[in-house]
Structures are given as C-alpha cells and as structure tokens.
Amino acid sequence: MIASRSLTLTHRMLLATALLWVFSCTADSLHAELLAGTAKVDITNRTGPVNDPLFVKALVLRSGETTAVIMTLDAVAVGEIGHINNDYLPALRARVQKEFGIAPTQILVNASHCHGIVAPDVGECSFQAVSQALKNLVPVRVGVGVGHEDRVSENRRIKLKSGKTVDVRHAYSFAADADIASVGPIDPAIGVLRLDRVDGRPLAVVYNFACHPIQGVPSGANTADMTGFASQVIEDNLGHGAVALFVQGCGGDINPVSYKAVDQPRDAEPLGNMLGLSTLKAVHRIQTQVDERLVVRNETLALPRSDQADRIAQLEQEQTRLAASFKGTTLNFKTFLQLMVKHGLTGEFPSSPASRYLHEKALGREQLSRLDAENRKNVEAYLQNILAMEELTRVQTNLALLRKHQAQNIAAGKRTVDVELASLRIGEFMLLTFPGELTVQIGLNLKSKSPHPSTFIAGYTNGYIYYAPTKEQLENPGNAQEDCDSILAPEWQEMFEKKAIDMLNAL
C-alpha cells in the first residue's frame, strides 16, 4: 500500500514536471511568435477628377521586444518634391513614438513614386493607418518568393553610337533611330513577402519591383497608376481582407514600356494588371511557416556631394555651339513636310511622274533634277536644324537641373549629405532601403553580392534625395536626367554598396 502511494506520488511529480515544461515551451513560443497587423487609409485628393483611389498602407510587425512598421504611400516621394512636405516623416515618427513607443528608426515609409496627388491630411491618415494596424495584430506565418515580370517596363537610358547616353522623357524628344546603339537593363524580379494568419488565410503581401509608375490613365485624372492597379488585383484575388503593399525598388531609370507611344492613349491599368497577376503567381507558390525572426537596423551614411561647376560650363559651351549651328533655309515647316513626304515616297522621281523626267532627258534638259537636288539640300539643312533643336532642348532641360542642384549643394554648407539607410529581416525576407531614386544597376549589384538569396532593394524610402545613378552614369557625357538631377558625386556608389552589404551581412 505504501509502495502504491509512492508510485502514485512519483507519477504525479513527473506529470507536474511535464506540464510545467509544456507550459514553459508554450509561453516561450507565444512570446517569440511573429504578430502582424495591417490597415489602409484613403489619401486621394478629390478636388479634381479621380480615376482610382490612392492609399497609405501600414504593416506593423512584432516579435518579442521588436516592433517594425512598413508603410507605403501612393505618392511621388516622402518629402522634397510632390505634395508631401519635408516635415511629414519626422512629425509622423514623433507622434507614433509618443503614442505607441515605437522608435523612429523602426518605421520605414516608402513612396511608390506614382505622380498622383495626395490629400492635404496625408499625415493624419498615415498615423491612423499605424494606429489601426496595431489594433489588428494577429499571429502570422511567413513565406518569401520571387516573381517575374518583363513585359511592363523598359530601361529609359539609350546608349548612342557616339558613346553618349540619353534618356527617354516627355520633357524632350526621343533619340533618332539611326543614332541608337543599345539600351540598358531592367530587373524583372518581383520580391514577395507573404504573411498568412495561422488558419492559412492571407493577411498581407509585400511586393518589391523596379519601375517608374508614371503611365497615367486616358482621362488624365488622379491615379495611383500601374502599382495601384497591381495592388488592387492582388487584394481582389486573395480576398479575406488581405492588404497588398507595393514597395518601390531601384526604378530610377526604368520607364513603363512604350512610354513615348503616340498611337494610343496612355493607360496604366493593363500594365498594372500584368504586374498584379505575375505577383499573384509568386504568392500562390509560397509556403508559409512559423518564423519569428524580425530584425530592423538603421544607420546614417555621409555621402559626398557633387561639384557640377565643370559640367555646367561644358553644357553652356554646348548650348552656345548648338544655337550657333542653326542655318537659314528657304523652307518653313509646311514646305519642309511636303518635300519630306514627296522625297520619301519616291526618291528617284519626287517632283513629277517618271515620264516627265524621261521626256526632259530626251530633250537634254535637267530642270527637274536640279530642282530635286536643291530641294534635297534644303530639306537636309532644315532637318539638321530640327536635330539641333532637339539636342538643344535636352541640353537646356538638364542644364537647369545641374544649376539647381549645384545651388543646393553650395547652400548646404558642407560637402556631404547624410542619408538614412535601413535593413529589415522578416524570416528569410531581406530588405535594404535608400532615400533616393536608385538606378536599376545598383539593385542588381547588391542582389548579386548579398549573402542572402531573398534580398530586395528599395529606393524612395524615409526621405528623398533625388536620383542616385551609378558612377558610370554620373560621368556620362550625354547628360541624361538621372545624371543631372542628382546631388551626389560619383564616389557615392562604392561607399553605399559597401555599407549596404555590411548591413545585410549583419541581419
């Protein structure tokens, strides 16, 4: 009887120990699990015509003592240009820290770079998005994948046979076909983070892609452009209130495909639909799992400012040369166009039917041939004036950008600019951010050098410092926009890429 009671007591002790161990493991698991909450708030400026809504979206992530906030804006930039003031980000961060105890360095705000117009209360809407997302925190499973889309974008930098590089903008004309030697690369990869509720229902998709969402819509009304349409496609198809957050990549020199087309209305919706469906393909391939890893790092890097005095002087000389190159001709645009059509239609007999030429030849006359020769000379002279005018337009447009940023750099009073870099890890998903318009080669470089397979790069984040081209692009003699609309010296690239890899290594 005593032995029986002793055995029962032993079993009780073992059971109590086992229960304590299970409880401890469960508590640790609950403490370490990844929580996520989402929200989206309409920020459309409705004082004019609206085609589709613009949103600020918030994704709040929490694991243990670490909280991170990813916010996306359907806007051109986080301050400096467009309709969001420079005090937007510091004011938002300060308020979120005061109300919720989240440090400013844990908050990442990315602009899609669409050229839609946001409402004046975008700051209040952004705070409400964070507040709502915090209230919606639930345990989540995590997965990462990569999609592919190469039909919606093209590199806007055009390398000419002369060795110069120009770019494709509406501010000036396209390069002549005969002068084009090659085009630059795109990055077709779509970096995808999938977050599911524990019951398998999708909660959020974060997708990263490099493009300039500036196609617009046929009506010309306010729009979130192709990335807004893509996000809507994703959300409509996933259902369950899932939120799609587009994070702009290294789209500094990437345009929508056929950006300069004039034979059909400019329409971002078909491009956005393709991007959204390609993202969905990747989403459906991702298997989510429990993964509590959440890391956010934030560093400030001082980058060298450019001195554009020499380039400005060179372009001013080119401006003078081009202006002096115009030659007078007897033609105006009307007669030039008529002759271009006639000579293009039939190079051998542009002024009359062939029989008339043969008749003159039989009589020993050459009046029509001499007329054609004179017309060809005048057409060629007029055409050279047009080409010089197009080149002068490019020079003057980019010269204005150089002068603007030279004045900014001088006014800054120091030879460096402080930029905020952030690195984020969510499970196997790695994101490195920069506040400028990184050109696509920068992103391709960092992805190839990163120690993590699922590494994605985001420009346009936590501020705006204009374009950030490669060293080679900044030294380009052709003066494309990316080269001139920048405050950075060529040495910046090596410094940034080294720091970026160090930050990725530390995740």
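The values are calculated or read from the model by the stated rules, or taken from the named source; none is laboratory data. These figures come from a predicted structure and were not determined experimentally. Heads up, the Cβs are rebuilt from the backbone with ideal geometry, glycines too, and the neighbour counts pull from every protein chain shown. When the accessible area is computed, the model is the full protein with side chains, heavy atoms only, and any ligands, DNA or RNA have been set aside. Shrake-Rupley method; radii C 1.70, N 1.55, O 1.52, S 1.80 Å.
What the table below lists for this structure:
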{"read-out": "Unique match (being modelled with pLDDT of 95 or more, surrounded by 24 or more Cβ atoms within 10 Å (Cβ to Cβ) and not acidic (Asp, Glu)) among VAL233, VAL205", "value": "VAL205"}
{"read-out": "Residue ranges of helices (runs of 4 or more DSSP H) in the range 408-486 with at least 3 members modelled with pLDDT of 95 or more and within 20 Å of HIS148 (Cβ to Cβ)", "value": "440-449"}
{"read-out": "Looking only at the range 291-304, and only at residues there that are in contact with a Gly (Cβ under 9 Å, 6 or more places away or on another chain) and open to solvent by 40 Å² or more (accessible area, probe 1.4 Å), the one that is nearest to PHE434 (Cα to Cα)", "value": "ARG293"}
{"read-out": "Checking GLU482 against (1) more than 19 Å from GLY184 (Cα to Cα); (2) touching a strand residue (DSSP E or B) at 6+ places or on another chain (Cβ under 9 Å); (3) not aromatic (Phe, Trp, Tyr), the condition it does not meet", "value": "(1)"}
{"read-out": "Options ALA354, ALA362, ALA400: the member that is surrounded by fewer than 19 Cβ atoms within 10 Å (Cβ to Cβ) and modelled with pLDDT of 95 or more", "value": "ALA400"}
{"read-out": "Meets criteria (more than 13 Å from SER112 (Cα to Cα) and not in a loop (DSSP other than H, G, I, E, B)) for LYS281", "value": "yes"}
{"read-out": "ASN445 under 18 Å from the mean Cα position of the chain (by Cα) and open to solvent by 10 Å² or more (accessible area, probe 1.4 Å)", "value": "yes"}
{"read-out": "Residues satisfying the stated conditions in the range 203-234, i.e. in contact with a Lys or Arg (Cβ under 9 Å, 6 or more places away or on another chain) and assigned to a helix (DSSP H, G or I)", "value": "SER231"}
{"read-out": "Selected residue (only one of SER162, SER182 is of a type in the set (S, T, N, Q) and in contact with a Lys or Arg (Cβ under 7 Å, 6 or more places away or on another chain))", "value": "SER182"}
{"read-out": "Test: residue in the range 492-506 that is part of a strand (DSSP E or B), on the phi < 0 side of the Ramachandran plot and of a type outside the set (Gly, Ala, Ser)", "value": "no"}
{"read-out": "Residue count, the range 119-161 (criterion: touching a residue at least 24 places away in the same chain (Cβ under 8 Å), part of a loop (DSSP other than H, G, I, E, B), open to solvent by 70 Å² or more (accessible area, probe 1.4 Å) and farther than 23 Å from ALA224 by Cα)", "value": "1"}
